[in-house]
Amino acid sequence: MPHPYVLLSAAVSLDGFLDDTGPERLLLSGAADFDRVDEVRASSDAILVGAGTIRADNPRLLVNSAERRTARVAEGRPEYPLKVTVSGSGDLDPAAQFWHTGGEKAVYTTDKGAGRAAEALRGLDHLGIDIVSTGPELDWRAVLEHLHDVRGVRRLMVEGGGRVHTQLMREGLADELHLAVAPLFVGQPDAPRLFGPGAYPPGRMRLVETRAVGDVVLIRYVPTAPGTGELAGAADRQWLALACELAALCPPSQTAFSVGAVVVAADGTELARGHSREGDDPVVHAEEAALAKIDPADPRLASATVYSSLEPCARRASRPAPCARLILDAGVRRVVTAWREPDTFVAEADGSGLLAAAGVHVLELPEFEERAKAPNRHLLG
């Protein structure tokens, strides 16, 4: 199911702490970085923090700039983003500033936590706080699906705390990380850290920006490691977006689709990319072009993912082996696509079905369908 774009935002000390152990919150950012955070908040549809952060820091989570709030209203959006918290236990403080400032609020919790949350917030019924249970356990995918489908959230800013950041990163659900590094040390072993131990997605994240903001350094990363099995991760969306961009590079044709493809190892290493009619071959398909650049004996293929803007073909007239067969022969067992092949050239193509019948995990991310169709509009009537 589609999720919002999830942006994790945090400020840390040089030794990786979110705060110290003192009674007052340690201010790691300066005025310039606080203003940057305010700008990111204003660009978001919702801001999320864990209930522990509400108890520890008592944040308001507001867009402080009047100009930015005015601009939101002019764009037809609420003055303030939706404020969201998560609490498995439903242990909430009704006196916290979180509830009494800004616009709409939502709580995501468990079946047991929902009753406790409703009791804790009983005197705040006039604020219209939405309490949503995700089942016996707190389910982050259910949280994100509900935010997207029911609350209309397309961009979610997550401001902590460390436990929330850790869970979203470990589950491969964070699309981007904004890390503001402050020029000081905490040095207290019991102070809270940004990320805790656990099984994170493998490999290296990709650096997309570094810049000075006052006396702190902003570092922006995006994930690269594909999801596993039939579970889509944030990096799957990054790679499929690239496949759709590659489709736009195809020489135009009246007799074949424009398709882009990328092959990515389990650790996020790009193995190859290709697009339809690449180079001097007027009939080469995107997946075929990409796979031809990889040594067939490369052991990474067995755990790799193929991203294709259009589902791999099951039948073709130009070559004896369709792309679905080439993928199977390469040993790849995971494919992510944006768009099912229409009957324009081949009736009932169903390359996804051929792959799935052979044990390949095939994921379709329909939120990318329009991007995949864009370079093929002339073929679709």
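Of the set (1) aliphatic (A, V, I, L, M); (2) at pLDDT below 95; (3) within 30 Å of GLU367 (Cβ to Cβ), all apply to LEU7 but (2).
Here LEU82 passes the criteria (1) at pLDDT 95 or above; (2) surrounded by fewer than 18 Cβ atoms within 10 Å (Cβ to Cβ) except the one numbered (2). If only residues of segment 134-182 that are polar (S, T, N, Q) and within 18 Å of THR110 (Cα to Cα) are counted, the one that is surrounded by the most Cβ atoms within 10 Å (Cβ to Cβ) is THR134.
Among the conditions (1) within 30 Å of GLY30 (Cβ to Cβ); (2) surrounded by fewer than 16 Cβ atoms within 10 Å (Cβ to Cβ); (3) in contact with a strand residue (DSSP E or B) (Cβ under 8 Å, 6 or more places away or on another chain), the only one that ASP130 does not satisfy is (1).
Applying the criterion of at least 2 residues that are β-branched (Val, Ile, Thr) and under 26 Å from the mean Cα position of the chain (by Cα) to the strands (runs of 3 or more DSSP E) found wholly in segment 109-192 leaves 130-133. Only one of the listed residues (VAL143, VAL73) is touching a strand residue (DSSP E or B) at 6+ places or on another chain (Cβ under 6 Å), over 24 Å from LEU26 (Cβ atoms) and in the same structural domain as ARG170 (by TED's automatic domain parsing). That residue is VAL143. Remark: pairs (first residue in segment 264-282, among the basic types (Lys, Arg); second residue assigned to a strand (DSSP E or B); Cβ separation under 6 Å; 6+ apart in sequence or on different chains) = ARG273/VAL262.
Put simply, of GLU311, GLU341 the only residue that is acidic (Asp, Glu), assigned by TED's automatic domain parsing to the domain that holds GLY274, surrounded by 15 or more Cβ atoms within 10 Å (Cβ to Cβ) and within 13 Å of LEU240 (Cα to Cα) is GLU311. Within segment 15-48, the set of residues being within 19 Å of ARG77 (Cα to Cα) and either touching a Cys at 6+ places or on another chain (Cβ under 6 Å) or not in a loop (DSSP other than H, G, I, E, B) (or both) comprises VAL37, ASP38, GLU39, VAL40, ARG41, ALA42, SER43, ALA46, ILE47, LEU48. Restrict the check to segment 120-129 and report whether at least one residue is of a type in the set (D, E, K, R) and either modelled with pLDDT of 95 or more or within 30 Å of ARG193 (Cβ to Cβ) (or both). The answer is no; no qualifying residue exists.
Quick one: is PRO312 outside any loop (DSSP other than H, G, I, E, B), at pLDDT 95 or above and not small (Gly, Ala, Ser)? Taking the combined requirement at face value, the residue does not satisfy it.
The values are calculated or read from the model by the stated rules, or taken from the named source; none is laboratory data. All of these numbers come straight from a predicted model, not from anything done at the bench. Virtual Cβ from ideal backbone geometry, glycine too; neighbours counted across all protein chains shown.
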